[in-house]
Amino acid sequence: MKWLIQYLRDIKIGKVVLWCYLIWYVVIVYFYFDPSPKTWINALGISAVIGTGLVLSISSNKSDSVDYWQTFRLYLMPFCVSSFSALIKDRDFIVFVSPKIKETLVAISCCILFLAIVFAIKLINKKLAWQSTNLEDLEAS
């Protein structure tokens, strides 16, 4: 649990946005899940082709260490986009927003909850750091 708090404490805005994307995706999959293997096999195939292209596009000749999380995300994103697209097809979505207000409110609420948790952890960490600095200043005087 400590690693999760540290991760959320140090998370940058770009990753927060990506997490909100994933939260939105999971909510929509919850409401529109299709057990048909065709959707998921096609998404895996697209993920393999596009993910490989993305990995190749960021690779360099340097012998840098492999960032496994980045590689995972480069394959996950095309999978999510492809399956999301298949799940919402012909369901009157406005870009990625459900026409059913309940579903949209659930997705927004989940994202807001995540943002509130991140904000609270960052705020508590900042307050603890400030208190620690003030305590050190008092001890030094």
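The values are calculated or read from the model by the stated rules, or taken from the named source; none is laboratory data. Bear in mind that the values here come from a model prediction, so they are computed numbers and not experimental data. Counting neighbours? That spans all protein chains shown, and the Cβs are built from the backbone with ideal geometry, glycine included.
What residue, of 41, 58, is more than 29 Å from residue 91 (Cβ to Cβ) and surrounded by fewer than 16 Cβ atoms within 10 Å (Cβ to Cβ)?
Details: 41 fails: more than 29 Å from residue 91 (Cβ to Cβ).
Sole residue among the options that is more than 29 Å from residue 91 (Cβ to Cβ) and surrounded by fewer than 16 Cβ atoms within 10 Å (Cβ to Cβ): 58.
Run residue 29 past the list (1) surrounded by fewer than 17 Cβ atoms within 10 Å (Cβ to Cβ); (2) modelled with pLDDT of 95 or more; (3) closer than 30 Å to residue 129 by Cβ and report the number of the one that doesn't hold.
(3)
Can you tell me which condition residue 67 does not meet? The list is (1) more than 27 Å from residue 7 (Cα to Cα); (2) of a type in the set (Asp, Glu); (3) exposed (fewer than 15 other Cβ atoms within 10 Å of the Cβ), and all the others hold.
(1)
Select from segment 53-69 the residues that are without any contact (Cβ under 8 Å) to a residue 12 or more places away in the chain and in a helix (DSSP H, G or I) and write down the one among them that is nearest to residue 21 (Cα to Cα). Working first, answer last.
At the first step, the residues of segment 53-69 found to be without any contact (Cβ under 8 Å) to a residue 12 or more places away in the chain are 53, 56-57, 59-69.
Within this subset, residues satisfying the condition of being in a helix (DSSP H, G or I) are 53, 56-57, 68-69.
Numbers: 53: 21, 56: 24, 57: 23, 68: 20, 69: 16 Å.
This residue is 69.
Give the residue that is surrounded by the fewest Cβ atoms within 10 Å (Cβ to Cβ), with candidates limited to residues of segment 97-141 that are modelled with pLDDT of 95 or more and not in a helix (DSSP H, G or I).
99
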